[in-house]
1. Kindly indicate whether residue B:32 is at pLDDT 85 or above, away from chain A (no Cβ under 11 Å), surrounded by 11 or more Cβ atoms within 10 Å (Cβ to Cβ) and assigned to a loop (DSSP other than H, G, I, E, B).
2. Of the conditions (1) free of Cβ contacts under 8 Å to residues at least 24 places away in the same chain; (2) within 22 Å of residue B:87 (Cα to Cα), residue A:49 clears all except one; give me its number.
3. State the number of residues belonging to segment A:63-97 that are modelled with pLDDT of 80 or more and either part of a helix (DSSP H, G or I) or in contact with a strand residue (DSSP E or B) (Cβ under 7 Å, 6 or more places away or on another chain) (or both).
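The values are calculated or read from the model by the stated rules, or taken from the named source; none is laboratory data. The structure displayed is predicted, hence computed values, not measured ones. Cβ coordinates were reconstructed from backbone atoms using ideal geometry, including for glycine residues, and neighbour counts include every protein chain displayed.
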């Protein structure tokens, strides 16, 4: 049926599957390999009398040959994934409609929320990585340093999976849902060695360290843009409803000053309509910026947390 | 239509469509009957045994469906180490999953009955 040599060991089967899925989403490849390995190992464990090659040959009819499995995963991904994802907003025609249409895009809100959240997660990741790494490395001259370092590297893998879930839910970038299997049939020490030579371990560490400055920038941008645009919008409204007075300076110029329940602004009345329009434009621009940053950050996360492992 | 004109790929396509619609119901049913969490391979084998090979698409197709059911909140899962290989992901049905199972089973029976009623009297 197929001119290619049929795989006779589990690593060969997985390699074959990986080749058949070449060009697909790395996260999908990751999941497909994980599922196949679970099935193959279970089948092998259920049939202790049979050789690995026999089991693999039998599996081709029940689980599917690598090419068939690849087709099935590609199919499901296109039909089900698109069904589960939030529908993309309809293409709006005019530039103006596209600019204001961002308010109807759930992805923009999710990205904005991610920008606010990233300060907290960024601080946590950074502290975890820096503390764990330096304690482990520092103590590695004593006997407890090495096990600490190994535990730390294991914890980074779990964190990477958690961050992957956050990124997929909020930024819409497909990320792996299963941890990466270590290669079977290697001793504990070899597996520990693999953890240190795996390029993904190091790129994950880099990502977590980067998350602190990025988190600070994202948070600051989100908060200051939101605060500026919202105050530009409510100041004119408060003046027009009689809740605030104009042309008042208290210790310098200010947009909106609230003291003892008395609100005031340094703006003069004629500029209020302009400020309102500017605030509304800035609010929409903020949503666009959030969506753009979300998209870029999704790509960064995918590159540092997933991609390197697939092509290493 | 004469039976010799019957096209094998058309039949296979039809079978594939049938199983695409029903496989999630079958998976919910298997997990709904099981008293304990099951992992992917176990579920596939149970379905193969009980379903008598009727839902015999390739079993690799079950895994993405399991994952999607989990994403929809109908299943719940946890990873546990196993002595015979890599850690396994165990699935169990949620309360929402049981509701969905009841509704889908009713929908399935209604579909089956109406298709049977329409087929009544057609030649074998």
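1. When the stated conditions are applied, residue B:32 does not pass them.
2. (2)
3. Quick first cut of segment A:63-97, residues modelled with pLDDT of 80 or more only: A:63-74.
Checking the rest, the ones that are also either part of a helix (DSSP H, G or I) or in contact with a strand residue (DSSP E or B) (Cβ under 7 Å, 6 or more places away or on another chain) (or both) come to A:66-74.
Total meeting the criteria: 9.
This table checks each residue for (1) crowded, with 16+ Cβ neighbours inside 10 Å; (2) modelled with pLDDT of 80 or more.
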site: A:152; (1), (2): yes, yes
site: A:163; (1), (2): yes, yes
site: A:167; (1), (2): yes, yes
site: A:171; (1), (2): yes, yes
site: A:180; (1), (2): yes, no
site: A:184; (1), (2): no, no
site: A:194; (1), (2): no, no
site: A:237; (1), (2): no, yes
site: A:248; (1), (2): no, no
